[in-house]
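Data block below; observations after.
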Protein chains: 2
Amino acid sequence: MAAARVCGLRCMSTAVKSKDRFVLPLAEDALPRGFSLTGLHCGVKKKADVLDLAVLSSTTQRTAAAGVFTTNAFRAAPVFVSEQVLRSSKGRANSLVVNSGCANAVTGERGMNDAWAMARATASESLVMSTGVIGQHLPIEKVVAGIRAAPASLGSDSAAWMRAARAFMTTDTFPKVRARSFNLPGWGTARIAGITKGAGMIHPEMVATPHATLLGVIATDAPVSPDALRSALSFATDRSFNAISVDGDTSTNDALIAFANGAAASADAQEITETDTEAFAALRNELTGFAAELAQLVVRDGEGATKFVTVDVRGARSFADAQAVARTVSTSALVKTALFGEDANWGRVLAAVGRTPLSEPVNPNRVSVSFIPTDGSAELKLLVNGEPEALDEARAKTILEEEDLEVRIDLGMGKESTKYWTCDFSHEYVTINGSYRS
Amino acid sequence: MAAARVCGLRCMSTAVKSKDRFVLPLAEDALPRGFSLTGLHCGVKKKADVLDLAVLSSTTQRTAAAGVFTTNAFRAAPVFVSEQVLRSSKGRANSLVVNSGCANAVTGERGMNDAWAMARATASESLVMSTGVIGQHLPIEKVVAGIRAAPASLGSDSAAWMRAARAFMTTDTFPKVRARSFNLPGWGTARIAGITKGAGMIHPEMVATPHATLLGVIATDAPVSPDALRSALSFATDRSFNAISVDGDTSTNDALIAFANGAAASADAQEITETDTEAFAALRNELTGFAAELAQLVVRDGEGATKFVTVDVRGARSFADAQAVARTVSTSALVKTALFGEDANWGRVLAAVGRTPLSEPVNPNRVSVSFIPTDGSAELKLLVNGEPEALDEARAKTILEEEDLEVRIDLGMGKESTKYWTCDFSHEYVTINGSYRS
């Protein structure tokens, strides 16, 4: 019987499709000017050909920096150091050093010293990020030696961005880097590029104040004041990295940092501030869309993920209610395993909606649930105003066999809505996480 | 590489040990007097030899009944009916009918009619429970025919209890039934027996008011007033079924019902009330311990579970804080997959502690984490006051290879503590839940 059950699902060895198609070439003219970066192997990871150290620095005189960080009580040493550097520099840091393979979290005073050593080896005021196993010390001498060797390989082209992106990776199956150019009203063309990583321990906590995500860096050559950059980054995070979940676990090391070095403008041009309404709105909008693109890549590469699912919640009384429902559905183990099994078990979606604490209880007779196929065909209604539709199993099967799916939930309570992105829970997820340290 | 990862874990075909050793013989003299019950096949489930209908009834004139039910907004029709019967009878119902294979949840008006039809076919005022797939209608004629046939097979011996327990099962791998006799001060010997089921969608919501669990029934022949029974059941639930989690999902059908029919006393004996301090305390204590034993069986049979883990949280400022931490650790997908992989990845335990919202933030430098082996050997300290201990991997491996494990977390903030029971997240869990409806 166990064997029959196993055969009913897609076999483990074929469940994970290649993700290489998400590695897109970077247009050289979309890369922000005035940034140089590299990725190299310094020895945190055992295998000699695996990159584990990235350095990014801005070459302009004035560079604004802003960050959002984890709210986890066990925030790692590099998070403390980066926050301290942003504070003391008043948002004027121009370097970032990142290692993968060791999180430098729960490492006590020695961990703090190591994080400061990384920052100071990189620049007088560098930001720091680490990702990997918690509770182990960094081989700090190897890391510092790597940082000292980094300038020799710094570059500004797409190969340099790709190298740096590879050095961010842990259980990621592909490097996550994107670049775009965009028009900044009143300023002309600017460019934005970013790297992110993360495939597990992904569940940013949704609070209103600037806070948590995973590891990411976004660099633009637009001229932006530190305050305006911080404001735009916070707004963008709530609509991108704060709207994804892989496994419901919030990391000790989550951090997203943005740099704006103004290299797109002349050296004496004024920086964009929040009072500069049109340009600021354009920048914030661009940053939000770009951050969402990066965040979705993290879900695409969710540990063991075989599905990419958009949870679209409508008809909520408040944005917070919509987010709460989307988050509960997106993190339900039963919903996620049903998605893996391509099982149209919408009852699990409803059960998740029903256990979400809301500002006012949901009325079961007003809730509707549909699957929205990604091929543009009509929605498949599953529940309309609390009454189940006769399920067209064949059509449901066709829709669920696709990699992409949208689950639409209408609460019938109001006009607020939100989108959230999640993935399925597969055998491969268990395999990856059952032996992560090995 | 994927193959190597898979081989690093216990193979799927050997991961699930037989659970038959948790099926214990019931002592006939521990079974409560004055209850008769049965289990049979009525046709909700397809296979003719699988039981899917249970009936329990008390044969005494006065029987007290109390229930706690799910807080899920999409509470199923049988939950509404049972609550209504308890209300209108003022806690004097004496029958219960249970079907497995179909939850009769999200089934609209027809579902309500079906639940009432089940109740009325059983007795004038019967309680009702259903468990199985959400959003499908009951084959109500088959169910009613089964209820009509039930009296022919009613019995009061251990075989009857076992038959009824089998009829509760869905993805359960073994029937869950226990019985005990106990001393009731001032009253003499009484008996208590109970059945529970559940292997998935197990995560009762922790609120202070009487509420949710999974499917369970507890019957005692002690004489107890309806109010006292309700109070004792609520207390017991918070320390048993409300302290377990399999997958973090709260069901639409959760219900635990207790009957007390007084058959242990003479017909004119007074019922125990809350003012009857010593007897009430003894009853409540007995009920709590008994409910905890049943609840732990649910975790033992958690879908795909290969581990039974006690999360013991100490040093909390409040009981609510202790529960919140225990719940977060117990439901973390990363913690649960590490337990499956027998990986001493205590960093994930800490990350879960760190993301728990508490009445006051935890101080990382005061938190300690240990593994407590179940063989009685000394605890293995992993983190002491925020500093990692040098990990004895060999010893950790030996401890983690055992089926049972206790994870002890001391927050260093106060004197409150709690225990919570959880299981691991295995390949088998994904297999079971990827194809539940099939």
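Each value in this text was obtained by applying a stated rule to the coordinates, not by laboratory testing. For clarity, every value in this text was computed on a predicted model and none was experimentally measured. Every residue, glycine among them, receives a Cβ derived from its backbone with ideal geometry; neighbour counts consider all protein chains shown.
Stokes-Einstein at 20 °C, 1.002 mPa s, Kirkwood radius from Cα pairs: D for chain B in µm² s⁻¹?
Details: Rh = 22.5 Å.
The Stokes-Einstein estimate is 95 µm²/s.
Rounded to the nearest whole Hz, the Karplus-based 3J(HN,Hα) values (6.51 cos²θ - 1.76 cosθ + 1.60, θ = phi - 60°) of region A:37-50 follow the sequence 7, 7, x, 8, 9, 10, x, 5, 8, 6, 5, 5, 9, 9, with x at glycine and proline. Modelled label positions at A:Glu387 and B:Ala281, each set 7 Å beyond Cα in the direction of Cβ, lie 5.7 nm from each other. The other copies place their A:Ser359 label points at 2.8 nm from this one, listed shortest first, where each point is 7 Å from Cα along Cα→Cβ.
Note on chain B: dipole from Cβ charges, positive end direction compared against B:Thr38, B:Phe174, B:Pro364; the farthest Cα belongs to B:Thr38.
Counting every Cα pair in region B:372-438, what percent are over 16 Å apart? Could you put the intermediate results ahead of the total?
Values: 1425 of 2211 pairs.
Cα-Cα pairs in region B:372-438 separated by more than 16 Å: 64 percent.
One residue of chain A places its C-beta nearer than any other to the axis carrying A onto B; that residue and its whole-Å distance are A:His427, 2.
Which value results for Rg/Rh of the protein assembly as shown when Rg is the Cα radius of gyration and Rh the Kirkwood radius based on the inverse mean 1/r? Intermediate values should be presented prior to the final figure.
Details: Rg = 28.9 Å, Rh = 28.6 Å.
Computed over Cα atoms, the ratio is 1.01.
Using only the C-alpha atoms of region A:308-434, find the volume of their convex hull and express it per residue in Å³. Before the final figure, lay out the partial values.
Working: hull volume 12.3 nm³, N = 127.
So the per-residue hull volume is 97 Å³.
In order along region B:160-167, the Karplus-derived 3J(HN,Hα) couplings, from 6.51 cos²θ - 1.76 cosθ + 1.60 at θ = phi - 60°, round to 5, 4, 5, 4, 4, 4, 5, 6 Hz, and Gly and Pro are given as x. One decimal place: the segment B:Arg239-B:Arg366 gains 43.0 nm when fully extended, by the rule 0.36 nm per residue minus the C-alpha distance.
Expressed to the nearest 5 percent, the antiparallel share of DSSP beta bridges inside chain B is 70 percent.
Separation of region A:129-148 from region B:306-369 is 26 Å, based on Cα centroids. Just so you know, the Rg over Rh for region B:279-318 is 1.13, from Cα atoms, with Rh as the Kirkwood radius. Here's the list of aspartates and glutamates a cross-link from A:Lys47 could span, going by alpha-carbon distance under 17 Å and ignoring same-chain residues fewer than 8 apart: A:Asp172. Restricting to region A:308-434, compute how many DSSP beta bridges are antiparallel as a %, nearest 5. Restricted to region A:308-434, the bridges split so that about 70 percent are antiparallel.
Work out the length of the dipole vector of region A:20-300 about its Cα centre, built from +1 on the beta-carbon of each Lys and Arg and -1 on the beta-carbon of each Asp and Glu, and round it to the nearest 20 debye. Display every interim value, and only then the final one.
Numbers: 25 positive and 26 negative charges, 125 e Å.
Roughly 600 debye for region A:20-300.
Residue-wise HN-Hα couplings along region A:94-103, as the Karplus relation 6.51 cos²θ - 1.76 cosθ + 1.60 with θ = phi - 60° gives them from phi, are 10, 9, 9, 10, 9, 10, 10, x, 8, 7 Hz; Gly and Pro carry x. Per residue, chain B reaches -10000 deg cm²/dmol at 222 nm when only DSSP H runs of four or more residues are counted, each adding -39500 (n - 2.57).
Taking amide hydrogens as placed 1.01 Å from N in the peptide plane, the amide H of B:Thr189 sits under 5 Å from those of B:Leu184, each at least 5 positions away in sequence or on another chain.
Checking the a/c ratio against 1.5 first, then a/b against b/c, what shape does the Cα gyration tensor give for region A:30-160? If you can, show how the numbers build up before the last one.
On the way: a/c = 1.85, a/b = 1.14, b/c = 1.62.
Oblate, since a/c reaches 1.5 and b/c is not below a/b.
Computed from point charges on the beta carbon alone (+1 for Lys and Arg, -1 for Asp and Glu), the dipole magnitude for the protein assembly as shown about its Cα centre is near 500 Debye. Between A:Lys47 and B:Thr374, the simple spin-label model (points 7 angstrom out along Cα→Cβ) gives 3.7 nm.
What percent does the relative contact order of region B:11-150 come to when contacts are Cα pairs within less than 8 Å and at least six residues apart? It would help to have the intermediate numbers written out before the result.
On the way: 249 pairs, mean separation 34.7, N = 140.
Contact order relative to length: 25 percent.
Placing +1 on the Cβ of each Lys and Arg and -1 on the Cβ of each Asp and Glu in region B:18-300, which of B:Thr60, B:Ser231, B:Gly135 has its Cα farthest towards the positive end of the resulting dipole? So the residue furthest toward the plus end is B:Gly135. Among B:Trp116, B:Trp187, B:Trp161, a tally of other beta-carbon atoms within 10 Å of each Cβ gives an order, fewest to most, of B:Trp116, B:Trp187, B:Trp161. Which FRET efficiency, nearest 0.05, do A:Ala30 and B:Arg395 yield, Cβ-Cβ r, R0 45 Å? So, using R0 = 45 Å, E works out to roughly 0.25.
Residue exposure proxy: A:Thr122, A:Thr328, ordered by other Cβ atoms within 10 angstrom of their Cβ from fewest to most, comes out as A:Thr122, A:Thr328. Each copy carries A:Asp375; placing its label point 7 Å along the C-beta direction from Cα gives inter-copy distances of 5.7 nm, listed from smallest up.
Give the average, rounded to an integer, of partner chain Cβ atoms located within 10 angstrom of each Cβ in B:68-78.
Rounded to a whole number, the mean comes out at 4.
With both residues required to sit in the protein assembly as shown, DSSP beta bridges show an antiparallel share near 70%. Ordering A:Val246, B:Val362 by the number of other Cβ atoms within 10 Å of each residue's own Cβ, fewest first, gives B:Val362, A:Val246.
Mean sequence separation of contacting Cα pairs (under 8 Å, at least six apart), scaled by the length of chain B, corresponds to a relative contact order of 17 percent. The distance from the alpha carbon centre of region B:377-438 to that of region B:158-188 is 29 Å, rounded to a whole number.
Taking the label point 7 Å along Cα→Cβ, B:Glu293 and its counterparts in the other copies are spaced 6.3 nm apart, in ascending order.
With a cut-off of 20 Å, note down the residues of region B:395-417 whose backbone N falls inside the zone around a label point 7 Å from the Cα of B:Lys19 toward its beta carbon. Only B:402-406 fall inside the zone, counting backbone N under 20 Å.
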